[in-house]
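Below is one structure, written out as C-alpha cells, with a few remarks after it.
We did not get these values from a lab; they are worked out from the coordinates using the rules stated. Only a predicted model underlies this, so the values are computations on that prediction, with no experimental measurement involved. Ideal geometry is used to build each Cβ from the backbone, glycine not excepted, and the neighbour counts take in all protein chains shown.
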Amino acid sequence: MPSTRNLSTPVAWLVWVATFTVMVLTVLSVQSVGDRPIPSAYGLGHGFLVVGSRLVVTLVFATIGALLIQRRLEGPIGWLVAGIGFDWAIQDYAVWYAVADLVGVVHHAGTTAAAWFASWNWLPGQIGIAAVLPLFFPDGRLPSRRWALALAISVGGILLGTVGLAIQPGGLFLFPGVINPLSRPDLKPLVSGFAGISFVLMGVGVFLAAASVFVRYRRSAYRQRQQLKWFAYAAALAALAVLASIAVRAELDPSSDVQLIVVAYWVSLGALPVAIGIAVLRHRLYDIDVLINRTFVYGSLLALAAGVYSASIRLFQYFFVLATGNKSDFAFVISTLILGAVFLPARKRLEQLADRWFNRRERKLYLFADHVELVAGISVIDPGGLARRFLKETIEALGCTAAEVRIETSGGVKALATHGRIGSVALTVPIANPRAELGSISICPRSAGPPYSSAEIEALTHAAAAVAAAMAPIAENPQPELALAR
C-alpha cells in the first residue's frame, strides 16, 4: 500500500491539472460573453484584462502550492495555497457559467445554482488568506496550542459569513437580479445577526493572524525571520494595493473604468504565493533584506520628490502671483532645479540609513551555512578547505582582525585555518553536533567598532553547527588523521 506521503505529490499535481482545466473552461466562457454588460458585482469591474489578471494569480497559487506539497510534505501550507488556487478557479468558472446564460449567449442547466454558489464561495478563499494562512506560516504549525483559539475565531467567522451569504433573502450577493433559491423572509433577522457576528470574528481573526506573525518573528531564529519577512513584505504590498484601490475608487465616478485598478490589486495579491514559495523553499531567501532596502530607499525618494516638487511649485507660483499678478511656467523650471539638487544627497542619506537597518553583516554566515548544508548532502567534504572557507566568511562577515579554526583529531587538536596574529580572543564558538564537539573557532576583537552583538554570535554559532554536521562523517572515519592533515 502506498503511504500518504507518497500519494501527496501526484494528488497535488492532479489538483493543479484540475485547476488549469477549470481555468480553460472559464476563458472559453469569457470569450463567449465578449463585451456584453455583466449582470453582477463581480470583481469591482469587468473585461478580459481583469479576468486574465485574476486567472494568472490563480495559476500562481496552484503552482506554488503543488511545489510546496512536493518539497515539504509534512505541513499544510502547500495544501492551503493549492486549495486557494483551486477554489478561485471554481469561483471564476461559476461566475462566468452563470453570466453566459444570463446575457443570453447560451442556455444551460444550473444557472441559478452557479450564481448562488459564486455569491458565497468567494468569502472563504479571500478571508482565509488573511485570517488563516498566517497562523501556519512558515512551518505548517500554529505558534503554540493557545493559538488554536485564534484559528477557531477565524474559521467561525468565515463559516458564519459564508452561511449568511448563502441564505440571505432577496437577490444574490454577486447577482442582485437573481433571487436566492434559499431565500425566506423569516431568515432576514438571522442573516443580519450572522453578518454582524461574522464581521467581528473575521476582523478579530485577521488581527490575531497578523499578531501571530509578529509573535513568531520575536521568538524565531534568523532563518525563520527571513521567511517571515518575505511573507510580511508581500502581505503589506497586497494591503497597500487594497487601500489604494479603495481610495482611488472613492474619488472616481461610479461609471469610470477601473480595470487597471483591479489588475494592480490582483497582481499585488499574486506576490503573496511567490513570497511564500521563496520563503518555504528557501530559494534566494536572504535577498529579502536587499529588497526591503531598495523599497525603503526608492519609496522614500519618490515620496520626498513628489512632496518637494509639489510644494516648490505652489510656493513659487504664489510669489509670481504676488509680483506680477499672473502665474508663470518659470515656477516649474525652478522646482525642477531644486528637486535635482535635493535628490542625490537625499538618496545617499537614505541608502546609509537602509544599510544600517537592513544590511546585516551576519547574513553572510547564514548564506554560508545554507551552502555547506547543500554541498554536504551531495559531495565529499574536504575538512581543510571547509575550515579555510569558514574562516574567510567569518572574517568578512564580522570584521575581526584575526581568527583561527581548530579541529580535534586522533592526534590532538590542530589548527586547520588561521588568519592574522592570534592575541586576545574575544569569542570562542564550539564546532559541535549533538553527539560530539569536533573543534572550535576563535576570533579576536574588531579593529574598530562595537563588540560582537548577540545576533552575530548566533549567526556564527549556526554556521559552526553547519560545519560540524558536514564534518561529522569524516570525524567518524577510522582514518581522520589523514583527512585532516591535508
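So, counting K/R as plus one and D/E as minus one, what does the shell of residues with Cβ under 15 Å around T19 add up to? That works out to -1. The packing ranking, built from the mean of other Cβ atoms within 10 Å per residue, places the peptides 140-149, 196-205 in the order 196-205, 140-149, highest first. Extension gain, S424 to A152, is 92.3 nm, computed as 0.36 nm per intervening residue step minus the present C-alpha separation. Counting neighbouring Cβ atoms within 10 Å and putting the fewest first, the residues S442, S453 line up as S453, S442.
In plain terms, the residue of F86, F207 with the fewest other Cβ atoms within 10 Å comes first and the most crowded comes last, giving F207, F86. Shown here is the pair-distance distribution of segment 381-484: with all Cα-Cα distances grouped in 10 Å bins from zero up to the longest one, the shares run 15, 51, 27, 6, 0 percent. For S144 and L281, the difference between the fully extended length at 0.36 nm per residue and the C-alpha to C-alpha distance is 47.0 nm.
This ranking places H108, H371, H419 by how few other beta-carbon atoms lie within 10 Å of each, fewest first, which gives H108, H371, H419. Between V11 and V375, the contour length at 0.36 nm per residue exceeds the Cα-Cα span by 128.0 nm.
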